[in-house]
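The structure under discussion appears below in the form of structure tokens.
The values are calculated or read from the model by the stated rules, or taken from the named source; none is laboratory data. In this text, all values refer to a predicted model and were calculated from it rather than measured experimentally. Here Cβ is always computed from backbone atoms with ideal geometry, including for glycine, and neighbour counts include all displayed protein chains.
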Amino acid sequence: MTQTFYDRVAGELTEIDAQGLTKPERIIASRQGPVIQVAGRDVLNFCANNYLGLAGDERVTQAGIAAQEKWGAGTASVRFICGTLEIHKELEAAIAGYLGFEDAILFAAAFDANGGLFEPLLGENDAIVSDSLNHASIIDGVRLCKAKRYRFANSDMDELESRLKEARAAGARDIIIATDGAFSMDGYIAKLDEIRVLADKYDALIMVDDCHATGFLGPQGKGSFSHHGVEVDFVTGTFGKALGGAMGGFICAKKSVVELLKQRARPYLFSNALAPAVCGSSLEAIRIAQGSEGDALRTRLSANAHRYRNAMADAGFTLLDGEHPIIPVMLGDAKLAQDFAARALELGVYVIGFSFPVVPRGQARIRTQMSAAHSFEQIDRTVAAFTQAGRELGVI
């Protein structure tokens, strides 16, 4: 019986590979940045979530080192036992203040933040209305909750209103509209201005996952809700992308909500506290992001995205529309996406082919991502490499 199990596992892996869906892990031998070392050579990196270019920033690195020297490697405990350090409270205050909320709660990962939000706040008499393209962590968090679930097509405000009507007609006590602030596979920005109107109309709360928005969208990079000039009730996010590139998640909300989550959120109660080094690096990244240097980095990021998008469109590639620095190059076939990524690496550009189950079947792509750290020359070299690969593989 034991061998039967392992034979089945091997068979599934073989099938995944035959469909072109294997997701290889390439080993990086350098810091994260616009140029990284892979397989013994320097290549251009155009697939990291390093929006502001702070993941390899020396100031961010040294802040993490200083925090580890002071506080050690970790707490060896969860927060409520003996795992809450002064630096944890400092980071909670910093991210809440940056984004304009009363308080914040930290998690070991942003996945845990979304996984821990819904179950403590909602019960079987409540409802969650969720966008169809929401991140897997929101989907899993909703599954852990007993609230009634509704779903609306991505950014379809008519369908959202229909679901809100259904939830109200069914007698829902409280309703939360849950959405990504920016959808990571497509680069679409949620229509939070329109969602705000509907939330007010149907007396609903709004939850936004801003992992792909915090630090660079909106004034001072406060996120997608700031980009649209609206207020929301809960923002989840990460320190693993624009804000330093390490790891760790957070929820910003009213103080009473944060207090309840600290009493009831299982990923918070049963996971070790965030490592001091991550906290130190994240604090320095927030300091940079919310100041004038952050404004300059955001301006550069926008210019880079504009240059790349225009050049790729002129070269004949199919791109998804948008204004986000995530710019998917649509290829359709999973095997083609893998072959394209492999050829691009041979030509000196590190990118990854995305395919099912990360994206829907038939919508395989190369998800390119701009960074403020990229130069125009690096962008032009990448477009040239993509153009060569595209011609060789019959994409353009």
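Data table
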item: Qualifying position, being surrounded by fewer than 23 Cβ atoms within 10 Å (Cβ to Cβ) and under 14 Å from Gly237 (Cβ atoms), among Ala109, Ala182, Ala136; result: Ala109
item: Candidate set from segment 189-244 (those that are hydrophobic (A, V, I, L, M, F, W, C) and touching a Gly at 6+ places or on another chain (Cβ under 6 Å)); member that is surrounded by the most Cβ atoms within 10 Å (Cβ to Cβ); result: Ala242
item: Whichever residue in segment 218-232 is in a loop (DSSP other than H, G, I, E, B) and in contact (Cβ under 8 Å) with a residue 40 or more places away in the chain and, among such residues, is farthest from Asp140 (Cα to Cα); result: Lys222
item: Residue check for Leu260: of a type in the set (A, V, I, L, M) and touching a Lys or Arg at 6+ places or on another chain (Cβ under 9 Å); result: no
item: Count - residues of segment 34-79 that are under 30 Å from Arg307 (Cβ atoms) and part of a helix (DSSP H, G or I); result: 4
item: Residue list for segment 38-78, restricted to those being surrounded by 15 or more Cβ atoms within 10 Å (Cβ to Cβ) and of a type in the set (S, T, N, Q); result: Asn45, Asn49, Asn50, Thr61, Gln68, Thr75
item: Tally of residues being of a type in the set (D, E, K, R), in a loop (DSSP other than H, G, I, E, B) and over 19 Å from Asn114 (Cα atoms) across segment 201-217; result: 1
item: Single residue of Tyr202, Tyr188 found to be among the hydroxyl-bearing types (Ser, Thr, Tyr), over 30 Å from Cys47 (Cα atoms) and in the same structural domain as Pro120 (by the TED database); result: Tyr202
item: Residue among Ala389, Ala315, Ala372, Ala311 that alone is in contact (Cβ under 8 Å) with a residue 12 or more places away in the chain and in contact with a Ser or Thr (Cβ under 7 Å, 6 or more places away or on another chain); result: Ala315
item: Per-region count, segment 325-347, residues closer than 19 Å to Gln19 by Cα and either touching a helix residue (DSSP H, G or I) at 6+ places or on another chain (Cβ under 7 Å) or part of a strand (DSSP E or B) (or both); result: 5
item: Number of positions in segment 348-375 that are closer than 18 Å to Phe386 by Cβ and surrounded by fewer than 17 Cβ atoms within 10 Å (Cβ to Cβ); result: 2
item: Inter-residue pairs, beta-carbon under 8 Å, first over 16 Å from Gly249 (Cβ atoms) and in segment 134-149, second among the aromatic types (Phe, Trp, Tyr), 6+ apart; result: Val142/Phe118; Cys145/Phe118; Ala147/Phe118
item: Counted residues, segment 151-172 - those being charged (D, E, K, R) and either touching a strand residue (DSSP E or B) at 6+ places or on another chain (Cβ under 8 Å) or farther than 21 Å from Phe183 by Cα (or both); result: 6
item: Residue within segment 368-376 that is over 21 Å from the mean Cα position of the chain (by Cα) and not in a strand (DSSP E or B) present; result: yes
item: Test: Ala147 is farther than 25 Å from Ser226 by Cα and touching an Asp or Glu at 6+ places or on another chain (Cβ under 7 Å); result: yes
item: Selection within segment 6-34 - under 15 Å from Ile352 (Cα atoms) and out of contact with any helix residue (DSSP H, G or I) (no Cβ under 7 Å at 6 or more places or on another chain); result: Lys23, Pro24, Glu25, Arg26, Ile27, Ile28
item: Unmet criterion (only one of (1) out of contact with any His (no Cβ under 6 Å at 6 or more places or on another chain); (2) outside the structural domain of Ile286 (by the TED database)) for Pro34; result: (1)
item: Subset of segment 305-324 that is among the aliphatic types (A, V, I, L, M) and surrounded by fewer than 21 Cβ atoms within 10 Å (Cβ to Cβ) - its residue that is farthest from Ala182 (Cα to Cα); result: Ala315
item: Selection status of Ala303, under 22 Å from the mean Cα position of the chain (by Cα), assigned by the TED database to the domain that holds Thr214, modelled with pLDDT of 95 or more and aliphatic (A, V, I, L, M); result: no
